[in-house]
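A short worksheet on the structure shown next.
The values are calculated or read from the model by the stated rules, or taken from the named source; none is laboratory data. Please read all numbers here as calculations on a predicted model, not as lab measurements. So basically every Cβ, Gly included, is an ideal-geometry build from the backbone, and we count neighbours across all protein chains shown.
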Amino acid sequence: MRKSIKLIKNRSDIGAGTRGSDMGIDAMEIAAINQDNDFFNRHDSVDVLTHNESIYDMVKNSFAKRISFVVEQCTRVSMAVNRVLDEGLFPLVLSGDHSSALGTISGVKAAYPNKELGVIWIDAHADLHSPYTSPSGNIHGMPLGAAIADDNLDHQVNQLSEGTLKHWTAMKNIGKDGAKIKAENIVFFGVRDTEIPEDKQMEKYNISNYRVEELRHRSISVCVDEALEKLKNCEMIYLSFDVDSLDCDLISYGTGTPVPKGFDQYEVIEIIQSIMKSEKVVCFEVVEINPLLDNKGNKMAETAFEVVNTIFG
């Protein structure tokens, strides 16, 4: 039987390159209100304190922008997830940018330090960078790089200051010291926009990536079954849904880094429902809704809420 849900609302967007995803949660709540749906009133929630005011500070290091604040934010998210799991509840995490996932993963591992964690990442991006490899310096491209604690120095392009290195080390040690997950326990769905350092990490660790066209050709059920078989030694799964996995031309451009030729919402719903049937999923997260960039009113938030409400409503 599924545990009761507790919402964790993390309105932070300081790990992104474009402002606005901090309003994604409110946009989802507006979508529910406009549908006369009481989803957000039916579940207890906790709000995570943010550092969004830090966007007004001058960026001192272009290779890991606002990293000291992102470390604090991920630590707060980690503590919130840990507490909800300790309460015997299911954390449904609603976040701004995807850097939060490092905090969420760290919180799961802090609650279950002796259990092996698998990650299913529904996203257009691999987010396997480190400050040594990132072309943008935006930390929402680094959560899995931090979670596996691999700096990918073989493909280093940036030289870090002592301060950045100190904060990056702290980031990798949130919740518990060292890697939170094994890289081979990551499975991607929909990843289609990567840089060479990420491609090399995917090759190095043989990380599975079920691209949109493969999933449509081979079927969702076959691909999900294979993914779960790969994660059969994992006692629990963290499931992360970045809305940029959706087809921006079909759905909306209401996300920070839209990529065409993605999933539709029905495919995402079927993927998630199929994974949830394994009963290994201990935490679910939705990220990167940016209503300021939406070219169709509030369409991205409405679509994300449709996914969440179908799965958890």
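Here are some conditions: (1) crowded, with 23+ Cβ neighbours inside 10 Å; (2) over 18 Å from residue 199 (Cβ atoms); (3) at pLDDT 95 or above. Residue 169 meets all but one. Which one does it not meet?
The single condition residue 169 does not satisfy is (1).
Please count how many residues of segment 1-52 are touching a His at 6+ places or on another chain (Cβ under 7 Å), of a type outside the set (A, V, I, L, M) and farther than 17 Å from residue 98 by Cβ.
Total meeting the criteria: 1.
For residue 72, indicate whether it is more than 22 Å from residue 282 (Cβ to Cβ), modelled with pLDDT of 95 or more, outside any loop (DSSP other than H, G, I, E, B) and under 18 Å from the mean Cα position of the chain (by Cα).
Yes; evaluated as a whole, the condition is true for this residue.
Using the structure shown, decide if residue 39 is at pLDDT below 95, touching a Phe, Trp or Tyr at 6+ places or on another chain (Cβ under 8 Å), among the hydrophobic types (A, V, I, L, M, F, W, C) and surrounded by 14 or more Cβ atoms within 10 Å (Cβ to Cβ).
Criteria not met by residue 39.
One line per residue, one yes/no per condition, for (1) in contact with a Pro (Cβ under 9 Å, 6 or more places away or on another chain); (2) at negative phi; (3) not β-branched (Val, Ile, Thr):
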{"position": "3", "(1), (2), (3)": "no, yes, yes"}
{"position": "7", "(1), (2), (3)": "yes, yes, yes"}
{"position": "23", "(1), (2), (3)": "yes, yes, yes"}
{"position": "29", "(1), (2), (3)": "no, yes, yes"}
{"position": "37", "(1), (2), (3)": "no, yes, yes"}
{"position": "53", "(1), (2), (3)": "no, yes, yes"}
{"position": "67", "(1), (2), (3)": "yes, yes, no"}
{"position": "78", "(1), (2), (3)": "no, yes, yes"}
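Please go through segment 80-97 and pick out each residue that is within 18 Å of residue 256 (Cβ to Cβ) and touching a Pro at 6+ places or on another chain (Cβ under 6 Å).
Residues satisfying the conditions do not exist here.
Just one of 124, 111, 101 is under 17 Å from residue 234 (Cβ atoms), among the small types (Gly, Ala, Ser) and either in contact (Cβ under 8 Å) with a residue 40 or more places away in the chain or crowded, with 24+ Cβ neighbours inside 10 Å (or both); which is it?
On inspection, the qualifying residue turns out to be 101.
Filter segment 256-285 for residues that are within 16 Å of the chain's Cα centre (by Cα), within 17 Å of residue 302 (Cα to Cα) and not in a helix (DSSP H, G or I) and give the result.
256, 258, 285 - these are the residues of segment 256-285 that are within 16 Å of the chain's Cα centre (by Cα), within 17 Å of residue 302 (Cα to Cα) and not in a helix (DSSP H, G or I).
Restricting the first residue to segment 260-284 and requiring it to be of a type in the set (A, V, I, L, M, F, W, C), which pairs with a second residue that is crowded, with 16+ Cβ neighbours inside 10 Å and assigned to a loop (DSSP other than H, G, I, E, B) meet a Cβ separation below 7 Å and a spacing of at least six or different chains?
As it stands, the answer is 263/190; 263/247, since those pairs meet every condition given.
Among the residues of segment 69-92, are any touching a Leu at 6+ places or on another chain (Cβ under 8 Å), within 24 Å of residue 200 (Cβ to Cβ), of a type outside the set (Gly, Ala, Ser) and surrounded by fewer than 24 Cβ atoms within 10 Å (Cβ to Cβ)?
no
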